[in-house]
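Everything on this sheet refers to the single structure shown next.
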Amino acid sequence: MTNSLIHPKQGDKENSSWFNEFLIKLLEDRDRIGLTDMIHQIDALMITVEPGCSIAYIKELSLMTPYHYLVTLESETHWTHILRIDMRSPDILVREVRDPNLSGIFRSLNEVYPIGAHKPNSRYMGEIFNVTNLHEVVELQRAREIRFFNQDQIRKLELPGNMAIVKPSPYTHNVLAYWERPETELRIYALGTSIIHNEVNKAYIEAKNIQAKFGLDQLILPVDHLATRVYSQNREAAILEYLTLSSYYYWGSYNIEDQNSSTNVTKSIHYPDESHSPAKVFTAANHPYFVNHIVGLPSPTENFVRNYGPRLHHIALSVADGETKGIENIDYVVDTIRAEGKDFLLDVIGSKEEGLKQIFSSASEHSSLIIEYVQRYGDFEGFFTKDNVASLTKAAGVEENLKMLQAEATEQ
């Protein structure tokens, strides 16, 4: 039986006694009933974009990531474009809503937030986990009071019919899905008619030709982590809920005091290499927004959640260690992509001496997601540095404040 408590906790963020108590109880229970051994890697990430946006977004992803366009699945209300690196790393499913007037539960999660409402269909939806016994996993989770969409709801939402899908989290607004796929079999999504979309394929080829021309395809590696922002009061519940639904363990939390936030990391118990199953990171403010005027600290994380809703903030990709044309690979990647017209929120931060370098792109106009690049050096121990996280959080907050001012101006 797998032991999910073997890893020592990292970090300096103090958790409540309630969190510490139930972290142990939940993971011990998950291990005991066999869920930890039945739930494996993340097989796919699901993203929805506005009508008419998927071609441009896939071109952006094809330039900035190692993903390749594979096929499009056509259904009555969605195009679902499948992007893949290989069978070892997660796929990305880019769903485009075909009817701008289509309403539903996922749109409603955006519409109550001032910036999220401007792109009501654009959101990261969640992860798909591979399991060894789908029926048993679902029954065990239902016994733990986890709620799933029924098959009729899945059909109406045009979600993959060969999956069990947990209803949106009250803490992250993400869903989580399970499916049963033997490791030797391909990933096949029950979502509609399979076609090659000519315009998508054309945009993909254009982007990949640029990647190959500058050698970016050899430098940008698979997803390292996924970072979700949640309300301050939901931090501990969001972490424990994800550990209940997955086979991840709690790596630890760091307090980013000058940005009034904490970064909280969970990782796969089965796959130490994040390229196989990315780490899941939760960021939350240390205080709720209504005490900011008293504590006198910025609150970029809480402001993001108030403006967009709880949701995924960025997808981080690893960059190969080493140099290209006399500069660090991450600097070369960023300089090249900047020259192709993609903006970044700041200069590359960190150093070889500190063990890693990182940077945030500006948020995609198509998905509202940020791309992070991270280059770790050979002997680096840890996951990030606090100074880097503080700088990244501050830079993202500046951009998000500008978007909030623009949204307010539009409403006046």
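Among the residues making up the range 269-296, those that are part of a helix (DSSP H, G or I) and not hydroxyl-bearing (Ser, Thr, Tyr) are Phe290, Val291, Asn292, His293, Ile294, Val295.
Among the residues of the range 114-144, those identified as surrounded by fewer than 17 Cβ atoms within 10 Å (Cβ to Cβ) and part of a loop (DSSP other than H, G, I, E, B) are Pro114, Thr132, Asn133, Arg144.
Sort out for me the helices (runs of 4 or more DSSP H) sitting completely within the range 29-113 that have 3 or more residues that are within 24 Å of Gly161 (Cβ to Cβ).
On the way: elements: 35-38, 54-64, 105-111.
Answer list for the range 29-113: 105-111.
If you take the residues in the range 81-105 that are over 16 Å from the mean Cα position of the chain (by Cα) and crowded, with 23+ Cβ neighbours inside 10 Å, which one is modelled with the lowest pLDDT? Here the residue is Val97. In the range 317-337, the qualifying residues are those that are assigned to a strand (DSSP E or B) and touching a strand residue (DSSP E or B) at 6+ places or on another chain (Cβ under 8 Å), and the one that is farthest from Phe384 (Cα to Cα) is Glu328.
Check the range 370-377 and report whether any residue there is in a loop (DSSP other than H, G, I, E, B) and more than 29 Å from Ile55 (Cβ to Cβ). For the range 370-377, residues in a loop (DSSP other than H, G, I, E, B) and more than 29 Å from Ile55 (Cβ to Cβ): present.
For the structure I just gave you, tell me whether Ala177 is touching an Asp or Glu at 6+ places or on another chain (Cβ under 8 Å), assigned by TED's automatic domain parsing to the domain that holds Ile92 and assigned to a helix (DSSP H, G or I). No, not satisfied.
When the test is whether a residue is of a type outside the set (S, T, N, Q) and exposed (fewer than 15 other Cβ atoms within 10 Å of the Cβ), Glu365 passes it.
If you go through the range 362-381 and keep only what is over 22 Å from Pro114 (Cα atoms) and either within 20 Å of the chain's Cα centre (by Cα) or outside the structural domain of Ala316 (by TED's automatic domain parsing) (or both), you end up with Ile371, Glu372, Tyr373, Val374, Gln375, Arg376.
The values are calculated or read from the model by the stated rules, or taken from the named source; none is laboratory data. In this text the structure is predicted, and so the values were computed from the model without any measurement. Positions of Cβ are backbone-derived with ideal geometry, glycine not excepted, and every protein chain shown enters the neighbour counts.
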